[in-house]
């Protein structure tokens with residue numbers, strides 16, 4: 001090819017590369033729109049409102065980061081993360097009865113990691129359908145938790161983890177926890193071999209297999225990590241309400257997957273970052289809070305989440 | 001061994017095996033557990049059959065064509081709420097509106113899926129949430145009661161001893177589905193689309209039309225099922241998503257459907273639903289708490305999910321060769 005045509009080719013091939021890929025271009029737009037409406041919404045920028053917003057969003061955010069890991073690894077989504085959050089909150093509340101904050105924390109985290117990691121084992125080893133495995137786990141865990149707790153709430157005793165309700169530099173501790181998890185997830189995805197294996201598994205499973213990546217080890221790792229993050233969400237909930245209940249986790253799966261998709265994570269896997277998921281979370285929860293402040297009743301929130309998710313999916317189409 | 005597993009994979013034979021199993025369970029429970037298998041037991045089994053049957057059939061058809069319609073659970077709820085709200089002007093009108101909404105929802109989802117080249121799971125996840133959201137808005141997140149109790153009575157009155165209007169409609173839909181898949185060109189086109197979409201398109205099948213049709217039927221069946229159940233209960237509520245989703249998926253895979261597409265048959269799905277209905281009725285007879293139902297259905301779904309896993313055979317082979325290797329070395 002002559003040099004002249006080489007430059008023509010280069011010019012023809014040039015696409016303005018935004019700081020995020022094209023289907024994520026909606027995200028900065030959404031953030032800007034949100035900020036604009038927030039400024040004209042009375043009461044939104046008040047300290048108590050922002051504080052409660054951070055408190056709610058941080059728990060959903062932990063689940064959203066967990067969901068994002070599963071989505072990136074090519075397993076679409078899990079319907080069982082919300083119930084895992086609720087169960088680990090119950091586990092935590094129950095274990096505080098032994099007067100040891102460490103025991104309760106470790107117990108709840110081990111529980112959620114093992115339960116979710118086991119789902120990963122079934123998916124990785126037998127290539128069982130991840131959605132169906134997660135729905136089965138949802139049924140099993142809901143049934144078992146209802147049977148054991150007899151449908152009642154478990155109250156935490158002692159105040160070992162009251163520190164989780166304090167604020168540091170005027171941001172609640174749960175917000176710092178979420179920030180730490182986001183940075184940790186991005187660090188793992190970008191800088192570790194395990195993280196690159198996750199991304200590769202999600203973008204092309206056959207290629208990942210050919211490259212010698214152990215399918216089942218990576219899948220178990222992703223799910224265990226997701227379980228760990230959901231367990232942390234459960235502990236945050238239990239510390240806030242000083243109790244654990246199955247009701248806590250209801251609906252978190254849907255908000256989480258909506259945040260993940262609005263954040264521009266590709267639903268087919270292999271693409272996405274935790275920081276973008278955090279931005280998606282801000283859009284989802286912020287918009288919900290604004291709607292609430294404008295007097296839109298809560299039942300519209302369901303519809304809103306559904307429509308936002310639908311739009312986020314449609315934007316990913318060709 | 002391979003011939004047996006191949007036979008079980010054959011949809012009609014699998015259905016026969018499941019039906020045989022059902023008969024066996026009935027016989028064993030009659031002889032040993034002292035459970036009297038009379039018209040009342042059969043009636044309760046068929047009522048359970050009617051509850052999950054139509055949703056499973058719609059979902060099964062989408063699985064057969066190689067897609068997965070998550071939105072059936074949402075459409076089930078929306079259909080029930082719409083039928084109860086609109087049905088105050090006459091139950092048949094309510095039923096018709098619910099089914100029309102089901103058809104419209106299915107067609108819209110299928111068209112979006114085809115036009116944008118998106119995965120059915122992604123689109124129907126959005127559909128699931130949107131339909132549930134609409135149901136929440138319509139009912140203001142509360143249970144709605146249906147005042148005309150005579151409709152509920154008409155829905156549940158025993159016909160010929162064991163059937164009810166609900167179960168008769170369900171059985172009729174299954175029979176129609178079976179005839180459609182086995183004896184018509186459309187049925188063969190659907191199976192072809194599910195087995196190998198590209199090859200089907202090359203062979204002249206209009207795969208897009210098949211997809212739109214199947215999703216419309218799936219939406220209609222889910223809405224119809226929700227409407228019938230709500231009329232039967234005289235109430236509708238926008239909550240309880242997983243109550244129908246878990247057994248419906250379990251029934252489809254138990255009945256021989258495979259998520260890789262192109263495998264499955266309405267009669268097989270009927271057999272799967274029947275097995276689940278019997279398990280459910282059996283647990284009710286035993287008097288266990290409803291949470292045990294969830295555990296049993298969840299465990300069953302987990303087992304079928306593993307059995308449907310494409311890598312299961314490979315793993316079993318590895319395991320076998322590992323064992324023989326150990327034995328050989330000793």
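A short reminder: the numbers here are calculations on the coordinates, not readings from a lab. None of these values were measured; they are calculated from a predicted model. Here Cβ is always computed from backbone atoms with ideal geometry, including for glycine, and neighbour counts include all displayed protein chains.
Per DSSP H run of at least 4 residues, take -39500 (n - 2.57); add these up for chain B, divide by its residues and hand me the 222 nm value, nearest 500 deg cm²/dmol.
Working: 15 runs with 255 residues, N = 330.
About -26000 deg cm²/dmol.
Cut-off 10 angstrom, C-alpha nodes, Gaussian network model of chain B. Which of B:311, B:203, B:152 fluctuates the most?
Comparing B:311, B:203, B:152 in a Gaussian network model of chain B, the most mobile one is B:311.
Under a GNM of chain A (C-alpha, springs under 10 Å), which listed residue has the highest mean-square fluctuation: A:150, A:119, A:301?
A:150
With a ≥ b ≥ c taken as the square roots of the eigenvalues of the C-alpha gyration tensor of the stretch B:41-329, please select rounded if a/c is under 1.5 and otherwise prolate if a/b is larger than b/c or oblate if it is not? All intermediate terms of the calculation are to be shown ahead of the outcome.
Values: a/c = 1.83, a/b = 1.30, b/c = 1.40.
Note, shape of the stretch B:41-329 comes out oblate.
Taking other Cβ within 10 Å of each residue's Cβ, how do B:16, B:81, A:87 sort, fewest first? Before the final figure, lay out the partial values.
Numbers: B:16 15, B:81 26, A:87 29.
Exposure proxy ranking, most exposed first: B:16, B:81, A:87.
Rounded, prolate or oblate for the stretch B:198-330? Axes are the square roots of the Cα gyration tensor eigenvalues, ordered a ≥ b ≥ c, and the cut-off for rounded is a/c under 1.5. Could the numbers behind the result be given before it?
Numbers: a/c = 3.17, a/b = 1.24, b/c = 2.55.
The shape class here is oblate.
Determine, for B:167, B:291, the number of other Cβ atoms within 10 Å of each Cβ, and report the residues in order from fewest to most. It would help to have the intermediate numbers written out before the result.
Values: B:167 25, B:291 19.
Neighbour counts put them in this order, fewest first: B:291, B:167.
Helix A:3-13 sits at what angle to the longest principal axis of chain A, using alpha carbons and giving 0 to 90 degrees rounded to 10?
Taking Cα atoms only, the helix is inclined about 30 degrees.
In 5 Å bins starting at 0, how do the alpha-carbon pair distances of the stretch B:100-171 split up by percent?
3, 13, 14, 13, 14, 16, 13, 10, 4, 1, 0
Between residue B:116 and residue A:47, what FRET efficiency comes out of the Förster formula 1/(1 + (r/R0)^6) with R0 = 45 Å and r the beta carbon distance, rounded to 0.05? Before the final figure, lay out the partial values.
Working: r = 43 Å, r/R0 = 0.95.
Between residue A:47 and residue B:116 the formula returns 0.60.
By how many degrees, between 0 and 90 and to the nearest 10, does the Cα long axis of helix A:47-72 differ from the longest principal axis of chain A?
Approximately 60 degrees, to the nearest ten.
For the stretch A:143-228, just the Cα set please: Rg and Dmax, both in angstrom.
According to the Cα coordinates of the stretch A:143-228, Rg and Dmax are 19.2, 53 Å.
For A:39, B:113, B:155, which order do you get if you count the other beta carbons within 10 Å of each Cβ and list the fewest first?
Working: A:39 9, B:113 24, B:155 21.
Taking fewest neighbouring Cβ atoms as first place, the list is A:39, B:155, B:113.
To test your reading of the geometry: what angle, between 0 and 90 degrees and rounded to tens, separates the Cα axis of helix A:130-149 from the longest principal axis of chain A?
10 degrees
Which of rounded, prolate, oblate describes the protein assembly as shown, given a ≥ b ≥ c as roots of the alpha-carbon gyration tensor eigenvalues and a/c under 1.5 marking rounded, otherwise prolate only if a/b is larger than b/c? Walk me through the intermediate numbers first.
Numbers: a/c = 1.36, a/b = 1.25, b/c = 1.08.
Here the protein assembly as shown falls in the rounded category.
When the helices in chain A are scored as -39500 (n - 2.57) per DSSP H run of 4 or longer and the sum is shared across all residues, what 222 nm value do you end up with, to the nearest 500 deg cm²/dmol? Mind showing how you got there, number by number?
Numbers: 13 runs with 223 residues, N = 318.
Roughly -23500 deg cm²/dmol at 222 nm, from the helical runs in chain A.
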